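Here's the structure we're looking at; comments come further down.
The values are calculated or read from the model by the stated rules, or taken from the named source; none is laboratory data. These numbers come from a predicted model, not from an experiment. Cβ placement follows ideal geometry from the backbone for every residue including glycine, while neighbour counts extend to all protein chains displayed.
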Ligand code: BJW
């Protein structure tokens, strides 16, 4: 494990690896002003996930859950991608075989231009119907016009919910499979701004490592992955990722 300096094999791998898989977490959006979940300023310091981010919480008090998500949407509406998001989007444009798997629901990677993207925990800007079996809805009735405490409804009459993955829920069909395939086939895996405690996402770097990839963590703080990673770069992703890009490709 190397902490700090950017080793030559990492720079070479960025330039030449056939396949690159990236996993990002809330830390990459921290420099855009989106709060992380854990840590001293994290959302879970002020709010209990059991009350807001489980199917049971939504069944018990959907208005409270919607209030929290509307508040988060308002905060996220005011933010923009930062240099870390843009560096990853530019790397993808240079490298075929580049897959970005994010746990973030804020949409900032897509806004920065990333295209080969798996949003493992959904997207906070989408709603979906809670009726069974799930179905598409053409438009969202009431959203934007209903009162702040109301619960938006689908055209079928059932409540809508944010299209995100809560604790105890499976990921959207195909997403986990796509992520596992990207990490199993990767020559280089970058793990950026995640506490590496939430599964199944936290298992992806191990999939890459077992298959022989160079695993690199980018995070200002130690995580459970730090001891397993081949390279650890301690620093904010908005600084480290553009620097990696500069070393590998020049410019930026
Ligand atoms: C910086 C920085 C800077 C700061 N630059 N870095 C195996 C073992 C144990 C438990 C489980 C297991 N398998 C499943 C579980 C249960 C559970 C789980 O993992 N629990 C653990 C917490 C104990 N997992 C689940 O329930 C998952 N579902 C599941 O497994 O279902 C099985 C199933 C199958 C079939 C049918 C039914 C069920 C689902 C997990 C969903 C997580 N959802 C959330 C909320 C999303 C919606 C929303 O946003 O509202 O996802 S929780 C929250 O945590 C969010 C995040 O995506 C996720 C990960 O957090 P992340 O991104 O790592 O953020 P932080 O805050 O933790 O860390 C930030 C990091 O950034 C820190 O390290 C900082 O140092 C760093 N940082 N500034 C770079 N500038």
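Some notes on this structure:
- Pairs meeting the criteria (first residue in the range 155-179 and within 17 Å of residue 116 (Cβ to Cβ), second residue outside any loop (DSSP other than H, G, I, E, B) and more than 9 Å from the ligand (Cβ to nearest atom), beta carbons under 7 Å, at least 6 apart or on different chains) are 175/118; 178/118; 179/101; 179/118; 179/204.
- Unmet requirement for residue 39, which otherwise passes all of (1) at pLDDT below 95; (2) away from the ligand (no atom under 11 Å from the Cβ); (3) assigned to a loop (DSSP other than H, G, I, E, B): (2)
- Residue selection: residue 59 satisfies the criterion of being assigned to a helix (DSSP H, G or I), closer than 22 Å to residue 163 by Cβ and at pLDDT 95 or above.
- Number of the exception - residue 46 against (1) within 13 Å of the ligand (Cβ to nearest atom); (2) in contact (Cβ under 8 Å) with a residue 24 or more places away in the chain: (2)
- Which numbered condition residue 1 misses (of (1) at pLDDT 95 or above; (2) more than 9 Å from the ligand (Cβ to nearest atom)): (1)
- Taking (1) in contact with a helix residue (DSSP H, G or I) (Cβ under 7 Å, 6 or more places away or on another chain); (2) in a helix (DSSP H, G or I) in turn, residue 12 satisfies each apart from (1).
- If you go through the range 46-56 and pick out every residue that is part of a helix (DSSP H, G or I) and surrounded by fewer than 13 Cβ atoms within 10 Å (Cβ to Cβ), you end up with 3.
- Only one of the numbered conditions (1) within 8 Å of the ligand (Cβ to nearest atom); (2) more than 17 Å from the chain's Cα centre (by Cα) is not met by residue 28, and that is (2).
- Filter pass, residue 118 being within 13 Å of the ligand (Cβ to nearest atom), modelled with pLDDT of 95 or more, in contact with a strand residue (DSSP E or B) (Cβ under 7 Å, 6 or more places away or on another chain) and assigned to a loop (DSSP other than H, G, I, E, B): no
- Count - residues of the range 69-89 that are surrounded by 14 or more Cβ atoms within 10 Å (Cβ to Cβ) and over 21 Å from residue 102 (Cβ atoms): 1
Residue by residue, here is whether (1) modelled with pLDDT under 95; (2) part of a helix (DSSP H, G or I) holds:
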residue	(1), (2)
18	yes, no
22	no, no
28	no, yes
34	no, no
65	no, yes
69	no, yes
75	yes, yes
80	no, no
87	no, yes
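- Scanning the range 96-111 for residues that are touching a strand residue (DSSP E or B) at 6+ places or on another chain (Cβ under 9 Å), more than 13 Å from the ligand (Cβ to nearest atom) and on the phi < 0 side of the Ramachandran plot returns 98, 99, 100, 110.
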